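Written out below as structure tokens is the structure these notes cover.
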Amino acid sequence: MKKEAKFFKALGDDTRLAIIALLSWREELCVCDIMTVLELTQSKASRHLRYLTQAGILDDRREAVWVYYRITPDMTTLEAGIVKSVQAHFGGKPYAALKKKLEAWLAKKCDSPICKG
């Protein structure tokens, strides 16, 4: 039961839900993308990302100095169903501004030399 409690606790935070929303719209994002769009410090973003990773919701991969996150495909059927239900909610009006902010940041980022594609 501890694993399930940690999973649900991970979903019970506004910032972590916003991170899941961002990753619902993009297959993978760099920590810098999440920090910029959500206006978080690096330490705060890392803390939330680590919590989501430890709860089994996110996977990370390293590329040089960059760390990229994605929603893990290795969840249980129950967990995957819950995350899919939560993701379906992100299409609503309250999340439109967040999605627009992500798209604007990625467009700006890709106009600069740091764009990874």
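The table for this structure:
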quantity: Length added when fully stretched, E39-A107, from 0.36 nm per residue minus Cα-Cα; calculated: 22.8 nm
quantity: Listed candidates (1) 24, 17, 13; (2) 34, 30, 16; (3) 19, 17, 14 - label of the one calculated as semi-axes √(5λ) of the Cα gyration tensor in Å; calculated: (1)
quantity: Total lysine pairs under 23 Å (Cα atoms) in the chain, excluding pairs fewer than 8 apart on one chain; calculated: 25
quantity: Distance in nm between pseudo-label sites at R26 and K100 (7 Å out along the Cβ direction from Cα); calculated: 1.9 nm
quantity: 19 Å cut-off, amide nitrogen to a point 7 angstrom out along F8 Cα→Cβ, residues in region 85-100; calculated: 85-87
quantity: Of the DSSP H helices in the chain, those whose Cα atoms cover at least 15 Å axially and whose Kyte score averages 1.0 or more; calculated: 14-25
quantity: Relative packing of peptides 17-28, 74-85 - highest average C-beta neighbours within 10 Å first; calculated: 17-28, 74-85
quantity: Distance between modelled label sites at A88 and A64, nm, 7 Å Cα→Cβ extension; calculated: 4.1 nm
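Bear in mind these aren't lab numbers, they're just calculated from the coordinates by the rules spelled out. It should be emphasised that the depicted structure is a prediction, and the values quoted were computed from it without experimental measurement. Ideal geometry is used to build each Cβ from the backbone, glycine not excepted, and the neighbour counts take in all protein chains shown.
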